[in-house]
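To keep things clear, I will list the structure first and then write my remarks on it.
The values are calculated or read from the model by the stated rules, or taken from the named source; none is laboratory data. Nothing here was measured: the structure is a model prediction, and the numbers come from that model. No Cβ is skipped: glycine too gets one built from the backbone with ideal geometry, and neighbour counts run over all protein chains shown. Note: areas computed on protein heavy atoms with side chains; ligands, DNA, RNA excluded. Shrake-Rupley method; radii C 1.70, N 1.55, O 1.52, S 1.80 Å.
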Amino acid sequence: MKTISISLSPNTEKDDISLAFNLIFKPWKWKRGKEIKDLERMFRNYFGFKNAFSFNSGRSSLISILKAMEIGNADEVIVQAFTCNAAVNPIIYVGAIPIFADIDESLNISAEDVVKKVTNKTKAIMIQHTFGYPANIEEIRKICVANNLYLIEDCAHALGAKYKDSFCGSFGDASFFSFGRDKIISSVYGGMVTVNNEALLEKVSHFQKEINYPSLFWIKQQLLHPILMNKIVLPLYNSKIGRGILKMFLNLNILSKSVTSKENQGKLPSYFPERMPNALAVLAINQFKKLQRFNEHRKEIAQVYNSLLVNKKEFKVVFKKDKDKEVVFLKYPVLNVNPLKIVKEARKKGIYLNDGWFGSVVVPSLTSLENVCYIIGSCPQAEEIVKRIICLPTHINISRNDAKKVFELFN
Ligand SMILES: Cc1ncc(COP(=O)(O)O)c(C=O)c1O
């Protein structure tokens, strides 16, 4: 039985595995190499961005932006609730305080609540484009202009999404992307910054040059990920053996975790911030070439869910058509479900829907809300939504038939 999963190396294809396998035997190519600049150039050219700076993650990318903005010292940064601790911890890391604003029905930051959360300590507002659905950028930008605040675009979910015919990432004073394992494209870890505010340009560039490359051990962990996940773990995942092997790989540090237990306590591991290593740039370039195909596929699978859910009025489809927004459907969120129940039922059928994005306003749900400065009750809409949301998979390894199988869970 094929393992249908929303995560577990979702974007990996055969050529990605071969590429990682070949790199394993060439450690001299792991840290420095020409592919880092090649990736940055491809990125600039594809999106028409004036500049691009690579890092080993979205987390490191965000740190570079906050440092360039000289944010720290108990400054406040407004972020949305229903986010990931990976988006919040960099703010705490630089010494600033994340202030949470509530979300609207599209799972993005609510302009109405942002206005209420601005104080004289606020330095920036970060918008998220949750699951690839562009936020109402214009409304938020107006608030930034009126209050002299920086706008940061978190495009971790939105590689290739557009707002009013321009790519997400074009609007922030600075914007960042992620090539993490469950993102639009994946080099297991990786990130990119683009800077639109000239005054920040030199600072981000300087920061990138100052920090280190990750260790060889860390790079090897990431190179092993597409190989071991696809050749050993996934084929066996429907049995206890496969799940046990994955646990063992993680416990023995043979594979990396996407988020560590330290991060659930509001602290970043020592490999953030670091530069993008060449080996992962090689993987990212290969995935970047497939961006359009991946996003076309996601749209097609989203259409399948759309057409099937039309007749299921008890469930609520989140992403509405909007002429100003070109959505990339990193995932397909559905509301009015009991996430734990559906995850459990799905597992019985060999379908793994636990992507961590439910059960807490800062995911994964093991995150200490106190440590990430979330005040219970401050974002009621988000607190309500996380109790009844589930995301369905749309990635390249999900066929239309798989999508129909996933949908059967709603019957
Ligand atoms: C919304 C959001 N922002 C930022 C990040 C951080 O990206 P990365 O995992 O590349 O550090 C993530 C993912 O972890 C995310 O989901």
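Worth pointing out:
- Any chance residue 252 is at pLDDT 95 or above, aliphatic (A, V, I, L, M) and closer than 21 Å to residue 13 by Cβ: no
- Annotation: of all residues in segment 287-318 being among the aliphatic types (A, V, I, L, M) and in a loop (DSSP other than H, G, I, E, B), the one that is surrounded by the most Cβ atoms within 10 Å (Cβ to Cβ) is 318.
- Under the condition of being in a helix (DSSP H, G or I) and either over 28 Å from residue 357 (Cα atoms) or near the ligand (Cβ under 9 Å from one of its atoms) (or both), the residues counted in segment 48-66 number 5.
- Failed item in (1) surrounded by fewer than 24 Cβ atoms within 10 Å (Cβ to Cβ); (2) under 25 Å from residue 160 (Cβ atoms), with residue 97 passing the rest: (2)
- Inter-residue pairs, beta-carbon under 9 Å, first assigned by TED's automatic domain parsing to the domain that holds residue 333 and over 16 Å from residue 182 (Cα atoms) and in segment 345-356, second open to solvent by 70 Å² or more (accessible area, probe 1.4 Å) and not in a helix (DSSP H, G or I), 6+ apart: 346/354; 347/354; 349/1; 350/1; 350/2
- Residue in segment 82-93 that is part of a strand (DSSP E or B) and either touching a residue at least 24 places away in the same chain (Cβ under 8 Å) or surrounded by fewer than 17 Cβ atoms within 10 Å (Cβ to Cβ) (or both) present: yes
- Search result, residues across segment 367-411 that are over 27 Å from residue 260 (Cα atoms), outside any helix (DSSP H, G or I) and open to solvent by 50 Å² or more (accessible area, probe 1.4 Å): 411
- Segment 257-268, residues that are out of contact with any strand residue (DSSP E or B) (no Cβ under 9 Å at 6 or more places or on another chain) and either under 19 Å from residue 186 (Cβ atoms) or touching a residue at least 40 places away in the same chain (Cβ under 8 Å) (or both): 257, 258, 260, 261, 263, 264, 265, 266, 267, 268
- Near pairs, Cβ below 7 angstrom, 6+ apart or cross-chain, from segment 7-36 (aromatic (Phe, Trp, Tyr)) to any residue that is in a helix (DSSP H, G or I): 21/227; 30/216; 30/219; 30/278; 30/279
- Among the residues examined, residue 325 does not qualify as out of contact with any Pro (no Cβ under 6 Å at 6 or more places or on another chain) and over 27 Å from residue 18 (Cβ atoms).
- For segment 225-274, the set of residues classified as assigned to a loop (DSSP other than H, G, I, E, B), open to solvent by less than 30 Å² (accessible area, probe 1.4 Å) and among the polar types (S, T, N, Q) consists of 256, 260, listed by residue number.
- Count - residues of segment 23-47 that are part of a helix (DSSP H, G or I) and open to solvent by 80 Å² or more (accessible area, probe 1.4 Å): 6
- For segment 121-174, a tally of residues being under 16 Å from residue 48 (Cα atoms) and either polar (S, T, N, Q) or assigned by TED's automatic domain parsing to the domain that holds residue 361 (or both) returns 2.
- Long-range neighbours under 6 Å by Cβ, at least six apart or interchain, first residue under 18 Å from residue 176 (Cβ atoms) within segment 122-142, second within 16 Å of the ligand (Cβ to nearest atom) and among the acidic types (Asp, Glu): 126/154; 127/153; 128/154
- Residue check for residue 355: part of a loop (DSSP other than H, G, I, E, B) and in contact with a strand residue (DSSP E or B) (Cβ under 7 Å, 6 or more places away or on another chain): yes
- Verdict on residue 288 being more than 30 Å from residue 385 (Cβ to Cβ) and in contact with a Leu (Cβ under 8 Å, 6 or more places away or on another chain): yes
- Number of the exception - residue 342 against (1) open to solvent by less than 70 Å² (accessible area, probe 1.4 Å); (2) under 24 Å from residue 100 (Cα atoms): (2)
- Test: residue 179 is without any contact (Cβ under 8 Å) to a residue 12 or more places away in the chain and either farther than 22 Å from residue 83 by Cβ or crowded, with 24+ Cβ neighbours inside 10 Å (or both): no
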